[in-house]
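Reviewing the structure listed below.
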Amino acid sequence: MNREEKKALTRQKITEAALELFERQGFEETTVQQIAEIAGVAKGTFFNYFASKEDLILELQGLLVLQQMEG
């Protein structure tokens with residue numbers, strides 16, 4: 001696996017962990033630390049990919065819009 005593939009996989013793990021936690025306990029109750037733990041990355045790694053939890057939710061919303069446009 002090359003570096004770009006590894007980065008994409010890490011980003012995917014973070015977003016999937018966030019979705020799981022947001023669905024289970026809500027956006028406000030979810031912490032970056034919890035997302036990092038579920039994704040299996042360090043908290044600092046989260047911030048290498050997203051500036052904040054809000055930045056992450058904006059990306060997730062954008063992905064949902066794209067999926068709706070395709071389907």
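The values are calculated or read from the model by the stated rules, or taken from the named source; none is laboratory data. None of the values given here were measured: they were computed from a predicted structure. Using ideal geometry, Cβ is built from the backbone for each residue, glycine included, and neighbour counts are taken over all protein chains shown. SASA here: full protein model, heavy atoms, side chains in, ligands and nucleic acids out. Shrake-Rupley method; radii C 1.70, N 1.55, O 1.52, S 1.80 Å.
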Subject >> In the range 29-41, the residues that are free of Cβ contacts under 8 Å to residues at least 24 places away in the same chain and either open to solvent by 100 Å² or more (accessible area, probe 1.4 Å) or among the aliphatic types (A, V, I, L, M) (or both) >> reply: Glu29, Val32, Ile35, Ala36, Glu37, Ile38
Original post:
Restricting the range 42-68 to residues that are aliphatic (A, V, I, L, M) and open to solvent by less than 30 Å² (accessible area, probe 1.4 Å), which is modelled with the highest pLDDT?
Top reply: Leu56
Subject >> First in the range 14-28 and over 11 Å from Leu60 (Cβ atoms), second anywhere and open to solvent by 80 Å² or more (accessible area, probe 1.4 Å) and in a helix (DSSP H, G or I), Cβ under 7 Å, 6 or more apart >> reply: Ala17/Ile38; Glu20/Ile38; Leu21/Ile38
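Can you name the residue in the range 9-25 that is more than 17 Å from Leu64 (Cβ to Cβ) and not hydrophobic (A, V, I, L, M, F, W, C) and, of all such residues, is least open to solvent (accessible area, probe 1.4 Å)?
So the first thing to find is which residues in the range 9-25 are more than 17 Å from Leu64 (Cβ to Cβ), and the list is 9-10, 13, 24-25.
Keeping just the survivors that are not hydrophobic (A, V, I, L, M, F, W, C) gives 10, 13, 24-25.
Numbers: Thr10: 21, Lys13: 87, Arg24: 147, Gln25: 65 Å².
Filtering the range 9-25 for residues that are more than 17 Å from Leu64 (Cβ to Cβ) and not hydrophobic (A, V, I, L, M, F, W, C), the one least open to solvent (accessible area, probe 1.4 Å) comes out as Thr10.
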